[in-house]
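The values are calculated or read from the model by the stated rules, or taken from the named source; none is laboratory data. On a predicted model such as this, the values are computed, not experimentally measured, just so you know. With ideal geometry, Cβ positions are generated from the backbone for all residues, glycine too; neighbour counts draw on all protein chains shown. Areas reflect the complete protein model, heavy atoms only, side chains present, ligands, DNA and RNA absent. Shrake-Rupley method; radii C 1.70, N 1.55, O 1.52, S 1.80 Å.
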Amino acid sequence: MSRLLRVPAGERIDLGRFDPAAIPAGPADKATGRAATARLAGQLGSLQERLYAASTAGDRRRVLLVLQGMDTSGKGGTVKHVIGLFNPSGCRIRAFKAPTPEELEHPFLWRVTKALPQPGEIGIFDRSHYEDVLIARVRELVPRGLLGRRYSEINRFEESLADDGVTVVKVFLHIGYEEQRARLLERLDNPDKHWKFNAGDIEERALWPAYQRAYELALERCSTDAAPWFIVPADRKWYRNWAISTLLLEHLEAIGPRYPEGDFDVEECRRRLLAT
């Protein structure tokens, strides 16, 4: 899946060519997809435990999953259904909202740096530093000259993370225009989901073309060898969950964490324990 969904460095991106309801590989239907995702839990849990165990012996490696996408694309659903396959004590989840007054007093990467996973952890960003080249571009919150420099700053930042042992997995949840309308209507039609509805989402829908272009630029300029982007079709929630679970599995397998060897005499400790 990593090779199939990856955005090659420097490639021109036209999101109109990507079907948000596509099933490029893997399970072909919901029932099969849910079962396949559930089967990944054991492997993911084992790899997570080994990653954490390795950190106790000084291994600095960790994983950062960055989730970006239009409203209703499934960032929160991914946290619930995919990250739920892991031990929560080894995860560090951060949802980035509008910057606070304190955060606005610092460079835009300051609040992101404070939320990074520690060695052995799996970090999840629900939105991220990319908001500073997405909504900032669409809403013209900063001058275009400053905005242009941010892409390079992001690339240098992510390269420094990779050099420090962070495997960065950046996922763009690609949802279709009609599917977003259906999900927003579902929230309106169900009083139990009114808390999830924001009238401002309607205004943001009017800016759909501008947001699509902002995402295209972010994907084009910030998909690097150190931190590539992956485009995940998000119209089918079950497929989104399977695809992201599989991406995480592949990256954890590539890290190949191992349990550290004990620094004690096993037989001596066994003898002493049995004598108690």
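Here's the yes/no breakdown for (1) within 25 Å of ILE122 (Cα to Cα); (2) in a helix (DSSP H, G or I); (3) open to solvent by less than 70 Å² (accessible area, probe 1.4 Å):
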position	(1), (2), (3)
ILE23	no, no, yes
THR32	no, yes, yes
ALA38	yes, yes, yes
GLN43	yes, yes, no
SER46	yes, yes, yes
TYR52	yes, yes, no
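A single member of ARG12, ARG3 is assigned to a loop (DSSP other than H, G, I, E, B) and either open to solvent by 20 Å² or more (accessible area, probe 1.4 Å) or not aromatic (Phe, Trp, Tyr) (or both), and it is ARG12. Just a yes or no: is a residue in the stretch 59-77 in a helix (DSSP H, G or I), under 18 Å from the mean Cα position of the chain (by Cα) and touching a residue at least 60 places away in the same chain (Cβ under 8 Å)? Yes, because at least one residue in the stretch 59-77 is in a helix (DSSP H, G or I), under 18 Å from the mean Cα position of the chain (by Cα) and touching a residue at least 60 places away in the same chain (Cβ under 8 Å).
Being among the β-branched types (Val, Ile, Thr) and open to solvent by 20 Å² or more (accessible area, probe 1.4 Å) is the filter here; which residues of the stretch 67-119 pass it?
VAL79, ILE93, THR100, THR113
So in the stretch 187-224, with the set limited to residues that are more than 18 Å from LEU134 (Cα to Cα) and aliphatic (A, V, I, L, M), which one is most open to solvent (accessible area, probe 1.4 Å)? The selected residue is LEU188.
Within the stretch 139-148, identify whether any single residue is open to solvent by less than 40 Å² (accessible area, probe 1.4 Å), more than 24 Å from MET1 (Cα to Cα) and without any contact (Cβ under 8 Å) to a residue 12 or more places away in the chain, and answer yes or no. Among the residues of the stretch 139-148, at least one is open to solvent by less than 40 Å² (accessible area, probe 1.4 Å), more than 24 Å from MET1 (Cα to Cα) and without any contact (Cβ under 8 Å) to a residue 12 or more places away in the chain, which makes the answer yes.
Evaluating ALA243 against the criteria (1) open to solvent by 50 Å² or more (accessible area, probe 1.4 Å); (2) under 19 Å from GLY74 (Cα atoms); (3) not basic (Lys, Arg) leaves one unmet condition, (1). Figure legend. Inter-residue proximity from the stretch 19-48: first residues under 13 Å from VAL232 (Cα atoms), second residues open to solvent by 60 Å² or more (accessible area, probe 1.4 Å), beta-carbon distance below 7 Å, spacing 6+ or different chains. Indicated pairs: ALA21/ARG236; PRO24/LEU4; ALA25/LEU4.
Please list, ordered by first then second residue, the pairs with beta carbon atoms under 9 Å, 6 or more apart or interchain, first in the stretch 174-189 and within 14 Å of ARG205 (Cα to Cα), second in a helix (DSSP H, G or I) and open to solvent by 80 Å² or more (accessible area, probe 1.4 Å). Close Cβ pairs (under 9 Å, with a partner that is in a helix (DSSP H, G or I) and open to solvent by 80 Å² or more (accessible area, probe 1.4 Å)) amount to LEU184/ILE202.
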